1. Go through segment 60-169 and tell me which helices (runs of 4 or more DSSP H), entirely inside it, have 3 or more residues that are modelled with pLDDT under 65 and of a type outside the set (Phe, Trp, Tyr).
2. Determine whether segment 16-29 contains at least one residue that is hydrophobic (A, V, I, L, M, F, W, C) and within 23 Å of the chain's Cα centre (by Cα).
3. Cβ contacts < 7 Å: first residue touching a residue at least 40 places away in the same chain (Cβ under 8 Å) and β-branched (Val, Ile, Thr), restricted to segment 91-108; second residue surrounded by 12 or more Cβ atoms within 10 Å (Cβ to Cβ) and assigned to a loop (DSSP other than H, G, I, E, B), any location; separation 6+ or different chain. Result?
4. Which residue pairs have Cβ atoms closer than 8 Å, lie 6 or more positions apart in sequence or on different chains, and pair a first residue in segment 124-137 that is closer than 14 Å to residue 55 by Cα with a second residue that is part of a loop (DSSP other than H, G, I, E, B) and among the aromatic types (Phe, Trp, Tyr)?
5. Going through segment 36-60 one residue at a time, which ones are touching a strand residue (DSSP E or B) at 6+ places or on another chain (Cβ under 7 Å) and hydrophobic (A, V, I, L, M, F, W, C)?
6. Of the residues that make up segment 23-33, is at least one farther than 17 Å from residue 90 by Cβ, part of a helix (DSSP H, G or I) and not hydrophobic (A, V, I, L, M, F, W, C)?
7. Can you tell me which residue among 39, 60 is over 12 Å from the mean Cα position of the chain (by Cα) and of a type in the set (Phe, Trp, Tyr)?
8. Which of the residues belonging to segment 16-49 are surrounded by 18 or more Cβ atoms within 10 Å (Cβ to Cβ), aliphatic (A, V, I, L, M) and farther than 14 Å from residue 121 by Cα?
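The values are calculated or read from the model by the stated rules, or taken from the named source; none is laboratory data. Because the structure is a prediction, the values reported are computed rather than measured. Please note: Cβ atoms are built from the backbone with ideal geometry, for glycine as well, and neighbour counts cover all protein chains shown.
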Amino acid sequence: MTIKNPTGDFQDRLLALLAEHASTVKLDTTWTVERAEDYYRSLPARARRIVKEAVIRDGYVPAEELRDDENSSLRGHSAALSRALRRGFMRGEWPENMRSPIEAQGPGFGKVVGYRMPDDLVQVFFTAIKKTEDAGPVDPQNLNEAADSAHHLADLIGKPTRRKRSTEK
């Protein structure tokens with residue numbers, strides 16, 4: 001259930017009720033079709049392709065199916081997937097500790113060898129992607145790509161840079 005624009009009084013009463021029953025309250029971290037649709041719609045085009053290809057291939061897409069040529073990089077794709085997950089939390093679409101629906105596979109450092117979606121999410125995302133695409137173009141003006149680029153820039157700016165030591169003369 002989602003409550004849009006709750007009043008301050010409502011929030012206070014709900015938080016008090018939750019605090020009273022905190023030991024028995026569990027967050028719903030289940031990927032539903034609606035959550036999967038929101039996630040998919042929020043992805044930039046290249047990241048949407050990864051999710052769609054993994055679903056089509058029953059949960060795993062090898063990197064060579066995503067690269068334009070054998071030397072092209074998939075660098076940054078995992079970050080777009082993670083940022084979409086974080087944005088969904090920030091917008092209140094799901095709790096903070098939702099598991100990622102798809103993850104890069106590889107040796108750790110170096111080229112990604114593929115992307116895997118857990119088996120229990122493939123049908124959920126299949127249904128979500130079909131509903132999303134049946135509704136029309138997902139992001140005709142590439143707004144998700146622009147938003148993802150802006151978030152990436154913000155991430156870079158937010159990281160402290162090394163200061164040069166000044167030398168006195």
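1. Working: elements: 77-90, 119-134, 143-158.
Answer list for segment 60-169: 143-158.
2. Keep residues of segment 16-29 that are hydrophobic (A, V, I, L, M, F, W, C), which gives 16-19, 22, 25, 27.
This time we only want the ones that are within 23 Å of the chain's Cα centre (by Cα), so: 27.
The answer is yes, given that some residue of segment 16-29 is hydrophobic (A, V, I, L, M, F, W, C) and within 23 Å of the chain's Cα centre (by Cα).
3. Partner pairs satisfying both residue conditions: 102/117.
4. As it stands, the answer is 124/31; 125/31, since those pairs meet every condition given.
5. Our first condition is that a residue be touching a strand residue (DSSP E or B) at 6+ places or on another chain (Cβ under 7 Å); within segment 36-60, this holds for 50, 53-54, 59-60.
Selection gives 50, 54.
6. No, because not a single residue in segment 23-33 is farther than 17 Å from residue 90 by Cβ, part of a helix (DSSP H, G or I) and not hydrophobic (A, V, I, L, M, F, W, C).
7. Numbers: 39 fails: over 12 Å from the mean Cα position of the chain (by Cα).
Testing whether each residue is over 12 Å from the mean Cα position of the chain (by Cα) and of a type in the set (Phe, Trp, Tyr) leaves just 60.
8. The answer is 43, 47.
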